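So the structure is just underneath, and the comments pick up after that.
Read-outs throughout are calculated quantities, based only on the coordinates presented, and are distinct from any laboratory measurement. Just so you know, these numbers come straight off a predicted model, no measurement behind them. Every residue, glycine as well, gets a Cβ built from its backbone with ideal geometry; the counts of neighbours run over all protein chains shown.
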Amino acid sequence: MYTFKIIRARHFWFLLSAFIATSAFAGEGMWLPFLLKSLNETEMKSMGMKMNAEDIYSVNQGSLKDAVVHFGGFCTAEVISDQGLILTNHHCGYSSIQSHSTLEKNYLKNGFWAPNHEAEIPNPGLFATFIIRIEDVTDQVLEGVKTDMEVKEKQTLIDANLNLIKSTTTKEQWQDVMIKPFFEANQYYMFVTETYNDVRYVGSPPESIGKFGADTDNWVWPRHTGDFSVFRIYAGPDNRPAAYSPDNKPLIPRHFFPISLDGVAEGDFTLVFGFPGKTNEYLPSYAVDQIANVIDPERIEIRNISLGIMDKHMRSEPDARLAYAVKYAGLANSWKKWIGEAQGLKTYHAVQKKKNLELDFIDELQRKKSLCKEYGEILPSMKRLYKEIEPVVKNRTILSEVIGGSNIELFRLTLYADRLVNAFKQNGEDGFQKMATRTLAQLDDFYKDYRKDVDKEIFVALISHLSVTVSPEYLPAYLAKYKSDDLAEKIYSQSIWIFKEKFAESIQKGGASFSSLVNDDMAFQLFEELKEIMDSDLSPAYNVLNDSIQIQQKSYMAALMAVYPDRRFWPDANNTMRFTYGQVEPYTPRDGVEYKTQTYLDGVMEKYKPGDYEFDVDPRLISLYENKDYGQYGENGKMPVCFIASNHTTGGNSGSPAIDAYGNLIGINFDRVWEGTMSDLFYDKSICRNIMVDVRYILFIIDKFAGAGNLIEEMKLVHPKS
């Protein structure tokens, strides 16, 4: 989608009809903060923002961007005190919380709150990255690059330029430089970063709050989830990044968010800052059609099968519930998103609206003869390529889901074995031993939560599914010899890596012996057949066609920017810092249904199902509710829980601060409404809403429910509307 600065009069009515439901106005876009003043500030102020661009992004003074961190490389978090305290989502801290949990000390189920700094728990491997500054380095990266160069020659020159920029950039010795392509590699921006590797777990509510509604409510509004957890960044004695040490001190940040106790009202300005992962807003209609009607349905069906089996065991077996908590959540999150995405693209006619935009693009090209000569064949070429790649994509999608290790865990173990065999082939015993050290360390973590019976049941179901959905030319010979249940019986009774001790012993025998053992293993033989089909049949065909598509997509992006020079274009998300702005707004997903903007604790009690793993409620919370004991965090005798707004968000924005017009924290972004999950491909302001947990609910849980008033004392609570 494309946001306008100017709409030429002769095309106004056509474009109005094409864009009215796809947000030609405020709300769409994940913008780069260092360009805020030139591109967005005026519009943001017209929507109610009281800050200036310098308050949000500055390299000369503390600003909002200095209180926003990339949390672990997969989520966002925000600094909320002058002692390095950070907030993120419960689901962002989930794997850390789970890693510290046992049946005896189950922090997932019961929650945890460190009474002091000494009790805060280290998390090896977890990090928090700040952005120091952002610069446009397009000219330097593309210096010497000519349009008539071969692709490989271009990339070699670009790589050399990138290395030169990184080596000559002025920065502190503890800082890093990251350069990423934008607008399909038509532009490049540099990020100077600062990463802290000592991040400690401070506290989280029990799952009955932090994951209330679990998978049933995931991607759904109205929502009643207290999706938050608390961590702290530690630094060395000089306040700089340092490896974990008990002598480290809480970070003194450049900026931290004051927290508003005034809540939100319909129409309020909202700003969301974070690290969105990936969007594809500029795809042609053919690509969107393929996602909605081929790729998403195949992935959904496979995960329907896996999740159904996991859910059955988790509901009846407490140890399975703990073992599969993270696995199920990871699979289900994407599964439900794909369902909403496919339905949204169809319901809101995304493909047809894309076609309308393409018709206007062609019309504009014909008016501009010089551009028509350069770009006139892009769309026909892309249409042909997407048609050619479709059968390859379908089969590749199915096989990737089945053998990738997320659904059938046995195949994750065979992947470990495959890496060991290859290490021995390529680098002899030394290479094998290096890989063995890594693998043995991974096995402890894997087998801690491995359930053979559950995995076997999933194996039977998915191999049966694969046998009837994949084109015959891509099926392994193994599947012609055995029925899926017979094959499972043999594999799960004989494979050397079903049991940790057996797998570890086979590794310790050395590369030659291990290679001989695994080559005779039925699980390995099946995996190798499937992998060979992927590597030799599907992937080469896919890569050739996809490379051609990517070349055309880069040209299409350049063509759009050339054909529409007056439009404001925002770059697709690519895991870099962005901001998005909108307003607290209701929405109407279907006839006769209108959703309000705020939910309350009343709704938690309405959904309450005693003993249910998704909708149980802690007795302490029930007591606080019955006594209306909300302290300073309630509103007119009610306790706010979540709210929605029209900010354009995606994966990676989990944990992002929701900020008011004055720069105060009002909530934490954690989800999108199901009807609007198509926003990764097609943003529609009428239906796309982000979901945030109200910061007042967070404070209420920390203070009144958990009794962790020591954390509240660190924070700066304000009343900006007073």
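From the cross-link list 355/685; 609/638; 312/490; 448/481, which pairs have alpha carbons spaced over 28 Å apart? The pairs that break the limit, which is 28 Å between Cα atoms, are 448/481. Shape call for the stretch 636-676 from the C-alpha gyration tensor, a ≥ b ≥ c root eigenvalues: rounded (a/c under 1.5), prolate (a/b greater than b/c) or oblate? Oblate, because a/c is 1.5 or more while a/b does not exceed b/c. Across the stretch 188-314, the relative contact order, built from alpha-carbon pairs under 8 Å that are at least six residues apart, equals 19 percent. Taking other residues whose beta carbon is less than 14 angstrom from the beta carbon of residue 99, and scoring Lys, Arg as +1 and Asp, Glu as -1, yields +1. For the stretch 69-137, a/c is not less than 1.5, where a ≥ b ≥ c are the root eigenvalues of the C-alpha gyration tensor, and a/b tops b/c. That puts it in the prolate class. Only helices enter the 222 nm calculation for the chain: every DSSP H run of n ≥ 4 contributes -39,500 (n - 2.57), and dividing by all residues gives -13500 deg cm²/dmol, rounded to 500. Using the alpha-carbon positions of the stretch 455-576, Rg (one decimal) and Dmax (whole number) come out as 22.5, 67 Å. Of all aspartates and glutamates in the structure, the ones whose alpha carbon falls short of 14 Å from that of residue 180, not counting any fewer than 8 places away in one chain, are 135, 136, 139, 159, 572. The percentage of C-alpha pairs in the stretch 129-196 whose separation is greater than 13 Å is 64%.
Among 547, 684, sorting on how many other beta-carbon atoms sit within 10 Å of each Cβ, with the fewest leading, yields 547, 684. Based on C-alpha pairs under 8 angstrom that are at least 6 apart in sequence, the chain has a relative contact order of 25 percent.
A value for Rg and Dmax of the Cα atoms in Å was derived from the coordinates, and within the list (1) 26.4, 76; (2) 27.0, 82; (3) 30.0, 112 it appears as (1). Ordering 384, 568 by the number of other Cβ atoms within 10 Å of each residue's own Cβ, fewest first, gives 384, 568. Convert 10 °C to kelvin, take the viscosity as 1.306 mPa s, use the Kirkwood radius over C-alpha pairs of the stretch 99-214 as Rh, and evaluate the Stokes-Einstein diffusion coefficient in µm²/s, rounded to a whole number. D, rounded to a whole number, is 88 µm²/s.
Of the peptides 252-258, 533-539, the order by per-residue mean of other Cβ atoms within 10 Å, starting with the highest, comes out as 252-258, 533-539. The amide H of residue 229, built 1.01 Å from its N in the peptide plane, has 88, 89, 90 as neighbours under 5 Å, considering only residues 5 or more places off or on other chains. Pairwise Cα distances in the stretch 579-722 exceed 19 Å in 58 percent of cases.
Using the membrane-span-like helix rule (whole DSSP H runs, Cα extent along the own axis of at least 24 Å, mean Kyte-Doolittle hydropathy at least -0.5), which helices of the chain qualify?
Membrane-span-like by this criterion, though nothing is claimed about a membrane: 151-168, 325-347, 378-403, 410-448, 452-469, 539-563.
Dividing the mean sequence gap of close Cα pairs (under 8 Å, 6+ apart) by how many residues the stretch 285-558 holds gives a relative contact order of 25 percent. Look at the dipole of the stretch 612-722 built from charges on Cβ: of 698, 657, 625, the Cα furthest out on the positive end belongs to 657. Using only the C-alpha atoms, the convex hull of the stretch 285-558 corresponds to 148 Å³ per residue. At a Cβ-Cβ separation cutoff of 4.7 angstrom, cysteine residues of the chain with no neighbouring cysteine are 372, 642, 688.
The ranking of 688, 372, 75 from fewest to most other beta carbons within 10 Å of each one's beta carbon is 372, 75, 688.
What is the packing order of peptides 266-279, 80-93, taking the mean over residues of other C-beta atoms within 10 Å and listing the highest first?
Most protected by this proxy first, the peptides run 80-93, 266-279.
Computed 3J(HN,Hα) for the stretch 643-653, one whole-Hz value per residue from the Karplus formula 6.51 cos²θ - 1.76 cosθ + 1.60 where θ = phi - 60°, is 8, 10, 8, 9, 6, 8, 10, 7, x, x, 6, glycine and proline marked x.
Largest first and in whole Å, the equivalent-ellipsoid semi-axes of the stretch 389-498 read 27, 18, 13, each the square root of five times a Cα gyration tensor eigenvalue.
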